[in-house]
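The values are calculated or read from the model by the stated rules, or taken from the named source; none is laboratory data. Predicted model, so just to flag it, every value in this text is computed and none were measured. We place every Cβ from the backbone using ideal geometry, glycine too, and count neighbours over all the protein chains shown. Please note that ligands, DNA and RNA were not included when accessible areas were found on the heavy atoms of the full protein model with its side chains. Shrake-Rupley method; radii C 1.70, N 1.55, O 1.52, S 1.80 Å.
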Amino acid sequence: GVGGTNAHVVLEEAPAFDREASRQPYHLIALSARSSAALDAMTANLARHLAHHPELDLADVAFTLQNGRQVFNYSRTLVAASIDEAIALLENPDPQRVFTVHQIRRQSPVAFMFPGQGSQHVGMGQDLYRHTPVYREAFDRCANLLRPHLGLDLRAFIYPTPDQTDAAQARINDTMIAQTGIFSVSYAMAQYWLSFGIQPESLIGHSVGEFVAACLAGVFSLEDALALVAARGKLMQDLPAGSMLAVRLPVEEVRALLPADLEIAAINSPSLCVVSGPTGSVNAFEKELEARDISVRPLHTSHAFHSAMMEPAVPAFREAVRAVTLHAPTIPILSTVTGEALTAEQATDVEYWATHLRQTVNFAGGVRHLVADPNRVLLEVGPGQTLSTLAKQHPDRKEKQAILSSSPHVQQEISALANALGVAGRLWQAGVEMNWAGCYPEESRRRAHLPTYPFERKRFWYDQVGGSAEEETVTTGNYTPPAPPRVSGQILESNAGDGYPIAAPDDVVQRIIAQQIEVMARQLQAWQAQ
């Protein structure tokens with residue numbers, strides 16, 4: 001129907017919808033409003049609605065909010081496993097689980113950061129492996145490709161069955177298993193974020209993490225990258241043992257104190273670096289620094305990575321690199337060898353990758369470029385939170401720049417999937433474009449009936465002739481119109497006839513308004529007479 005006729009013809013009843021229970025154990029609730037008051041009203045309205053409709057499927061509620069609402073400058077996100085948990089968090093927001101942000105909406109570029117050895121642990125990313133097909137398929141592909149290189153199934157050490165757990169714990173820190181495990185988890189996690197439509201604008205990797213970045217940017221194929229990481233880990237594992245020590249000092253000050261047989265293995269921040277070398281020398285250097293009241297921390301490593309003790313592995317690894325095809329990166333990579341952008345010449349240079357395990361890791365230099373743009377979001381993609389912690393400590397980082405980790409800390413009692421969904425919400429709040437289909441892979445969700453937007457209605461009534469306008473703001477889903485305006489002062493009768501009272505004009509503007517009303521009154525009277 002047109003012109004307000006409101007005509008309808010029912011052709012056929014809509015087909016019945018087969019309700020599909022979600023296979024996902026956690027759900028991301030995302031709210032957005034134009035103001036803080038509207039956001040609070042929206043939160044309260046949703047909590048009340050869920051309490052009155054416990055039969056709702058929380059997956060459909062989350063799906064509706066993600067796909068059926070506009071995005072404004074005020075936002076709130078939370079992750080819940082049930083309707084009751086969602087209601088509790090909406091009614092009593094825990095700042096550790098409910099994130100409220102006010103930010104001018106903009107499109108924010110994203111940088112992926114891939115961690116290196118030391119972040120590995122049994123079960124890293126396990127809930128993602130159980131519940132997310134894209135992650136599971138990517139990890140399984142890595143494990144299958146690695147089997148001939150490792151002579152074992154990596155899944156038995158990363159996601160062991162109960163009877164395999166003790167063996168996995170005993171070998172998770174073996175360099176060959178640790179490096180291939182970190183690569184596989186980081187690569188699978190990158191595929192998870194890509195399924196949300198997140199396209200990284202730049203990449204950086206710490207030590208073996210740079211191989212993940214290079215693979216994602218097309219420098220290596222996945223098959224070649226896994227072959228190189230497996231060879232790298234085995235060659236490094238076969239070398240004599242050594243030690244590493246984190247030192248809380250600028251690198252130049254540490255260099256001035258270093259004995260001849262120790263080296264700077266990593267520059268993690270402008271005030272934190274890692275020393276590497278023979279165990280005896282590292283232990284003696286540790287005592288010397290403690291005597292000077294300098295903060296140090298021994299690292300739990302089996303070898304002196306990125307030091308002269310890695311030199312014997314270089315020739316054999318050079319031949320391994322020579323056997324693969326190298327390409328220029330299709331996504332910009334920040335080299336942690338130079339601390340600058342990786343050039344096409346470096347990416348395709350056998351010597352760059354052959355000596356990579358020997359060179360100092362200049363992570364701080366790469367992060368300096370990433371934090372130069374305060375709108376850029378830094379996302380650690382892989383196990384642990386080491387890189388995101390280091391990036392947050394960088395002195396050039398702006399206070400409100402979003403730096404997030406895909407994984408919870410190993411000691412936190414939160415599932416990897418719940419953490420990842422929470423991070424997805426915070427990425428959305430930071431201005432990252434999201435494809436929400438990543439929340440419900442291979443599922444058909446439907447929209448649920450939810451409270452509408454709580455528009456902030458404003459009334460502007462001219463309550464008193466010659467007075468000022470009264471403004472009243474109402475933020476509610478159940479709005480009651482205000483009473484008609486009150487008019488005070490002398491009332492005059494219109495010359496057009498009875499029944500059209502006009503306030504006595506006190507100034508020019510009021511006289512003009514009164515004249516116009518009088519004209520309209522005559523026109524109305526004439527129309528009535530006809």
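Some notes on this structure:
- Being open to solvent by 40 Å² or more (accessible area, probe 1.4 Å), under 24 Å from L378 (Cα atoms) and modelled with pLDDT of 85 or more is a description that does not apply to A416.
- Taken over segment 112-133, residues that are hydrophobic (A, V, I, L, M, F, W, C) and either surrounded by fewer than 24 Cβ atoms within 10 Å (Cβ to Cβ) or assigned to a helix (DSSP H, G or I) (or both) amount to 2.
Here is a yes/no grid of residues against (1) surrounded by 18 or more Cβ atoms within 10 Å (Cβ to Cβ); (2) part of a loop (DSSP other than H, G, I, E, B):
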residue	(1), (2)
F305	yes, yes
M309	yes, no
P315	no, no
V321	yes, no
P329	yes, yes
A364	yes, no
L387	yes, no
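- Selection count where residues are closer than 23 Å to F220 by Cβ and either among the charged types (D, E, K, R) or open to solvent by less than 50 Å² (accessible area, probe 1.4 Å) (or both), scope segment 146-156: 7
- Filter result (aliphatic (A, V, I, L, M) and either open to solvent by less than 30 Å² (accessible area, probe 1.4 Å) or at pLDDT below 95 (or both)) within segment 335-349: L342, A347
- Complete set of residues in segment 219-252 that are under 19 Å from V361 (Cα atoms), open to solvent by 10 Å² or more (accessible area, probe 1.4 Å) and assigned to a loop (DSSP other than H, G, I, E, B): R248, L249, P250
- The set of residues in segment 264-292 being surrounded by fewer than 19 Cβ atoms within 10 Å (Cβ to Cβ) and within 24 Å of A391 (Cβ to Cβ) consists of P270, S271.
- With a requirement of 2 or more residues that are under 26 Å from H131 (Cβ atoms), modelled with pLDDT of 95 or more and open to solvent by less than 50 Å² (accessible area, probe 1.4 Å), the strands (runs of 3 or more DSSP E) lying completely within segment 6-111 that satisfy it span 27-33, 74-80.
- Test: residue in segment 151-164 that is closer than 25 Å to I198 by Cα and either modelled with pLDDT under 95 or hydroxyl-bearing (S, T, Y) (or both): no
- Among (1) surrounded by 24 or more Cβ atoms within 10 Å (Cβ to Cβ); (2) over 22 Å from L334 (Cα atoms); (3) of a type in the set (F, W, Y) - the single one F196 does not satisfy: (1)
- Residue within segment 427-440 that is surrounded by fewer than 21 Cβ atoms within 10 Å (Cβ to Cβ), more than 12 Å from the chain's Cα centre (by Cα) and aromatic (F, W, Y) present: yes
- Given (1) closer than 17 Å to A265 by Cα; (2) modelled with pLDDT of 95 or more, index of the condition H303 fails: (2)
- Residue match in segment 194-213 (condition: assigned to a helix (DSSP H, G or I) and hydroxyl-bearing (S, T, Y)): no
- Any hit, segment 325-334, residues being closer than 28 Å to M176 by Cβ and modelled with pLDDT under 95: no
- Annotation note: of A167, A188, the sole residue that is surrounded by 18 or more Cβ atoms within 10 Å (Cβ to Cβ), outside any loop (DSSP other than H, G, I, E, B) and among the aliphatic types (A, V, I, L, M) is A188.
- Filtered residue count, segment 438-455, keeping only those that are within 11 Å of L65 (Cα to Cα) and among the polar types (S, T, N, Q): 1
- Check on A30, within 28 Å of the chain's Cα centre (by Cα) and within 19 Å of P454 (Cα to Cα): yes
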